[in-house]
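Student: For reference, the structure I am asking about is given below.
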Amino acid sequence: MVTTFCGRSGLRVSSIGLGTLTWGRDTDAAEACEMLSHFVDAGGNLVECSPMHGEGRATDVLAEAVAAVGRHRVVLAWRGASRPDADSWRPAGGRGDMLRSLDDALQRLGSDFVDVWLVSPEAGVPLEETLSAAEHAHRTGRARYIGMASSRTWDIAEAVTRGILGASAPISVVEVAFSLANTSAAQTVAELSNRGVGVIAASALAGGALTGKYRHTTPADSRAASPHLRHMVEPYLGGQARTVIEAASRAGAGLERSTGDVALAWVRDFPGVSAALVGPRT
């Protein structure tokens, strides 16, 4: 696995990143630790996590897994922030909520910093407030780099511009959903690349649909059969996406590679993409 810089920043990430969406809920700690060990041994370093992953339990599982392989071997991309809401947690973009959430994560992870904080705007909260929290974390060393995720194109453009003008921390990388079955962000990837901003392609295998596992049936232990994960796969089970998956399957057969190999290579090597993010359950 190769590593590359995110845009024109010094943030160096592996071409494939490991997501932790299922850790602590569908993937237990022992299996997560083994998965991370295999990943870093293969040359991977980018690991993405969120306080919402695994219903909040992924953070503690990640802490255990990172301690086992060594913090120096992991580039930790922390996505978003959370705030309490009744008996659950919700994504947060307010300054106080964001900094409290980040400090809680750092304490649980046993680390003084995250390598990159992928902040996410919250409806009703001014974007400049969200970016000011990111700037504070960057200035105090709690976040080595700042990026964005789960954001509208206009918000991304404003944040990148503010960073260029010195009004907030530079935006080094943006995470967008992008895969062979979902190319709607292709123009955004190109524009970000032109401005020296790296891109993490989230859901690079379209929730697992691009592995071809749903071509003929729905495995009982798959995401499509799971009530809390089905929404990630459902958009790719029919229509144009199904046609793309069939084409990738035929290409894989001709190359003597799997459908997933073809799909992952395509997004990994797309111009402007710094890393393709996958989140295997096992």
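The values are calculated or read from the model by the stated rules, or taken from the named source; none is laboratory data. Worth saying up front: this structure is predicted, and the values here are computed from it rather than measured. In this analysis, Cβ positions are derived from the backbone assuming ideal geometry, glycine residues included, and neighbour counts consider all displayed protein chains. Remember, those area values only see protein heavy atoms, side chains included, never the ligands or the DNA or RNA. Shrake-Rupley method; radii C 1.70, N 1.55, O 1.52, S 1.80 Å.
Student: How much of the DSSP beta bridge set in the chain is antiparallel, as a percent to the nearest 5?
Tutor: Numbers: 8 of 38 bridges.
That works out to approximately 20 percent antiparallel.
Student: What distance in nm separates the simple spin-label points at Asp28 and Val2, each placed 7 Å from Cα in the Cβ direction?
Tutor: 4.0
Student: Further question: Label points 7 Å out from Cα along the Cβ direction at Ala265 and Ala67: separation in nm?
Tutor: Roughly 4.1 nm, to one decimal.
Student: Further question on the same structure: If you add up the charges near Arg79, with Lys and Arg at +1 and Asp and Glu at -1, over every other residue whose beta carbon is less than 9 angstrom from its beta carbon, what do you get?
Tutor: Working: positive: none; negative: Glu48, Glu175.
Net charge around Arg79: -2.
Student: Could I ask something else about it? Between helix 29-41 and the chain, what is the angle of the helix's C-alpha long axis to the longest principal axis, kept within 0 to 90° and rounded to the nearest 10?
Tutor: The helix 29-41 is inclined about 90 degrees to the chain.
Student: Only Cα pairs within less than 10 Å get springs; with that Gaussian network setup on the chain, which residue of Gly239, Gly17, Gly272 has the largest fluctuation?
Tutor: Gly239
Student: Please compute the net charge surrounding Ser15, taking Lys and Arg as +1 and Asp and Glu as -1 over other residues with Cβ under 12 Å from its Cβ.
Tutor: My count for the surroundings of Ser15 gives +1.
Student: Using a 1.4 angstrom probe and counting only protein chains, how large is the accessible area of Val160 in Å², to 10?
Tutor: Answer for Val160: close to 10 Å² accessible.
Student: Points 7 angstrom from Cα along the Cβ direction at Thr153 and Val125: gap in nanometres?
Tutor: Between Thr153 and Val125, the simple spin-label model gives 2.5 nm.
Student: Now for a separate question. Give the angle, between 0 and 90 degrees and rounded to the nearest 10, that separates the Cα long axis of helix 153-165 from the longest principal axis of the Cα atoms of the chain.
Tutor: 50
Student: If you average the C-alpha positions of the range 230-250 and of the range 265-281 separately, how far apart do those two centres end up, in angstrom?
Tutor: Comparing the Cα centres of the range 230-250 and the range 265-281, I get a distance of 17 Å.
Student: Where the only charges are on Cβ atoms (+1 Lys, Arg; -1 Asp, Glu), what is the dipole of the chain about its Cα centre, to the nearest 20 debye?
Tutor: Approximately 460 debye in magnitude.
Student: Where does helix 259-268 land angle-wise versus the long Cα axis of the chain, in degrees 0 to 90, nearest 10?
Tutor: Taking the Cα atoms of the chain, the angle to 259-268 is about 30 degrees.
Student: If you don't mind, another one. Compute the Rg to Rh ratio over the chain from the alpha carbon atoms, using the Kirkwood formula for Rh, and round to two decimal places. Intermediate values should be presented prior to the final figure.
Tutor: Details: Rg = 18.1 Å, Rh = 19.1 Å.
Rg/Rh for the chain comes to 0.95.
Student: Just to be sure I understand: with springs between alpha-carbon atoms less than 10 Å apart, which residue in Ser179, Ser203, Ser258 has the highest mean-square fluctuation in the Gaussian network model of the chain?
Tutor: Highest fluctuation among the options: Ser258.
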